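Colleague: This is the structure I have questions about; it appears just below.
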Amino acid sequence: MRGIEVVWLSQTDLTNLNAGEGEANFIDIKKYKKNGVEYPYVSGQAMRYYFKEAIRRNLDGEYMCVPNDKGETCGNIKDCIGCDLFGFMTTIKKGTVIPGYPQGHPGGAMTRVSPVKVSPAMGLLPFEENAVVDFLTRRHRMEKGEMRGDIVNVEIGVNLYKCGIAIDVARVGGEEKVNEKTRSVEIEYYADTDTRKKRVSKVIEVLRYLSDYSKQARLLTDFTPDVILIAFQDVYSHRLQKALALNNGGLDLERLEAVINDVKEYSPKIIAGILPGVVENENKVRNKLEELGVKVKSTNEAIKEALNYLNKQEL
Ligand SMILES: [Zn+2]
């Protein structure tokens, strides 16, 4: 297995997951434009943060470092699940013994490309038709005990977001190294197969538990998958990300079929999960997927099946 791809839709109630630049008393929502129409989105950086925090909440004895005041992490991919899965740009002190430098690092900058790639979450419904400006007051007590309140306007909206991740499985637990003799690139592993598998599993597992979004004190939001496709691939690719598109309020079945048929050529296993009542043509989507040989389950069953399948694979 070279890669695992996941693409999903998540429907939200009124929320503001990712604020834009805004002004002092106005909290807007990040938006992109398509053909002149605005749609909300959640940045890839915010999505990565949700994953990291969900993994941190669900650690099972693994070590995961906390970034220092400069945002730099430990850089030890052998011991640290966070640095291994999400990469880093960090400064290593001279003499530090870390994977790849058994005699001590010469000191200086060190980077690792993240084996877990995360897409921005793209709102699929126009912003204007699905949003409202809410007033909230920031109340604070003055010296003599009187209450004052500043009015703050917050944009909040409902939407259906498309999100995705791709895991470069071959690079989890390892780093590319040039073999000087053959002048070719090889991956040197610092973590054993079981550890690597457990780390990859963690990314899939926490899809069900993502919850560390901003502004949750007032806007409790579930942003976990409602319609999900998971592919275990013999080739590392990002193709599955295009499988879910809207067409007249429902999922585009032609698009779904074309992308699944494409990805199926190099994916021994594709799993689907659907939460009832999220897409309008749900029954047609179920039938189409079954017709394409993809079993449709509930979202939680789909994720559990993916974990089971992963557990039985050789990495
Ligand atoms: Zn670390």
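Colleague: Could you tell me which of Tyr209, Val169, Ile274 has its Cα farthest along the dipole of segment 3-312 towards the positive end, charges placed at Cβ (Lys, Arg +1; Asp, Glu -1), taken about the Cα centre?
Modeller: The residue sitting most towards the positive pole is Val169.
Colleague: Sort Arg139, Arg286, Arg48, Arg57 so the one with the fewest other Cβ atoms within 10 Å of its own Cβ comes first.
Modeller: Values: Arg139 9, Arg286 15, Arg48 18, Arg57 12.
Least to most surrounded, the residues fall as Arg139, Arg57, Arg286, Arg48.
Colleague: Where a Cα-Cα gap under 14 Å defines reach, which aspartates and glutamates qualify for Lys304, not counting those fewer than 8 residues away within the same chain?
Modeller: Straight-line reach from Lys304, under 14 Å: Glu205.
Colleague: Give, as a single signed number, the net charge of other residues whose beta carbon lies under 11 Å from the beta carbon of Val294, with Lys and Arg counted +1 and Asp and Glu -1. Numbers along the way, then the final one.
Modeller: On the way: positive: Lys264, Lys269, Arg286, Lys288, Lys295, Lys297; negative: Glu257, Glu290, Glu291.
Taking every Cβ under 11 Å from that of Val294, the sum is +3.
Colleague: If only Cα atoms are counted, what is the Rg of the chain, and what is its Dmax, in Å?
Modeller: Taking only Cα atoms of the chain, I get Rg and Dmax of 22.0, 78 Å.
Colleague: Here is a further query. Which net charge results when you count Lys and Arg as +1 and Asp and Glu as -1 among the other residues whose beta-carbon is under 9 Å from that of Ser10?
Modeller: -1
Colleague: For Asp168 and Asp192, calculate 0.36 nm times their separation in residues minus their Cα-Cα distance, and state this gained length in nm to one decimal. Don't jump to the answer; show the numbers that get you there.
Modeller: Working: separation 24, 0.36 × 24 = 8.64 nm, distance 1.63 nm.
Once the chain is fully extended between Asp168 and Asp192, it gains 7.0 nm.
Colleague: Grab the Cα-Cα distance for Lys93 and Gln313, subtract it from 0.36 nm times how many residues apart they are, and report the gain in nm with one decimal.
Modeller: Details: separation 220, 0.36 × 220 = 79.20 nm, distance 3.79 nm.
So the chain would gain 75.4 nm between Lys93 and Gln313.
Colleague: Once you wrap a convex hull around the alpha carbon atoms of segment 222-308, what is its projected area averaged over all directions, in nm²?
Modeller: Hull-based average projected area comes out at 5.6 nm².
Colleague: On to the next question. Restricting to DSSP H runs of at least four residues, report the calculated mean residue ellipticity at 222 nm for the chain, -39500 (n - 2.57) per run over all residues, nearest 500 deg cm²/dmol.
Modeller: Estimated from H runs of four or more residues: -7000 deg cm²/dmol.
Colleague: If you don't mind, there's one more thing I want to ask. For the chain, what is the charge dipole size about the Cα centre, in debye to the nearest 20, if Lys and Arg each add +1 at the Cβ and Asp and Glu each add -1 at the Cβ?
Modeller: With only Lys, Arg, Asp and Glu charged at Cβ, the dipole is about 640 debye.
Colleague: How far is the Cα center of segment 11-42 from the Cα center of segment 144-186, in Å?
Modeller: Comparing the Cα centres of segment 11-42 and segment 144-186, I get a distance of 18 Å.
Colleague: Separate question: Expected output is a single nm value to one decimal: the length gained when fully extending between Ser211 and Lys177, i.e. 0.36 nm times separation in residues minus the C-alpha distance. What is it? Let's see the in-between values first.
Modeller: Working: separation 34, 0.36 × 34 = 12.24 nm, distance 3.66 nm.
Going from the current span to full extension adds 8.6 nm.
Colleague: Exceeding 20 Å between C-alpha atoms, which entries from my cross-link table qualify? They are Lys30/Lys215; Lys52/Lys269; Lys52/Lys198.
Modeller: Cα-Cα > 20 Å for Lys52/Lys269; rest within.
Colleague: Okay, moving on. What is the Cα coordinate range of segment 134-206 on the first, second and third principal axes, sorted by size from largest, in whole angstrom?
Modeller: Taking max minus min along each principal axis of the Cα atoms, segment 134-206 gives 76, 35, 26 Å.
Colleague: Check the straight Cα-Cα distances from Lys94 and name the lysines below 26 Å, setting aside those fewer than 8 residues away within the same chain.
Modeller: Partners within reach: Lys70, Lys78, Lys177.
Colleague: Quick check for me: using +1 on Lys/Arg Cβ and -1 on Asp/Glu Cβ, what's the dipole size of segment 147-254 about its Cα centre, in debye to the nearest 20? If you can, show how the numbers build up before the last one.
Modeller: Working: 16 positive and 17 negative charges, 36 e Å.
In debye, rounded to 20, segment 147-254 gives about 180.
Colleague: In debye, nearest 20, what is the charge dipole magnitude of segment 157-197 about its Cα centre with +1 on Lys and Arg Cβ and -1 on Asp and Glu Cβ, if you could check?
Modeller: Approximately 200 debye in magnitude.
Colleague: Around Ile230, what is the net charge, scoring Lys/Arg as +1 and Asp/Glu as -1 over all other residues with Cβ under 10 Å from its Cβ? All intermediate terms of the calculation are to be shown ahead of the outcome.
Modeller: Details: positive: Lys269; negative: Glu5, Glu305.
Here the charged neighbours net out to -1.
Colleague: Taking H placed 1.01 Å from N in the peptide plane, check which residues at least 5 places from Lys269 or on another chain put their amide H under 5 Å from its amide H.
Modeller: Counting only residues 5 or more places away or on other chains, the set is Phe232.
Colleague: Something else now. Considering the chain, which cysteines have no disulfide-compatible partner, defined as another cysteine with its Cβ under 4.7 Å away?
Modeller: Flagged as lacking a Cys partner: Cys163.
Colleague: Rounded to the nearest 5, what % of the DSSP beta bridges within the chain are antiparallel ones?
Modeller: Antiparallel bridges: around 95 percent, rounded to the nearest 5.
A short reminder: the numbers here are calculations on the coordinates, not readings from a lab. Keep in mind the model is a prediction, meaning the values are calculated, not measured. Glycine gets a Cβ as well: all are built from the backbone with ideal geometry, and neighbour counts include every protein chain shown.
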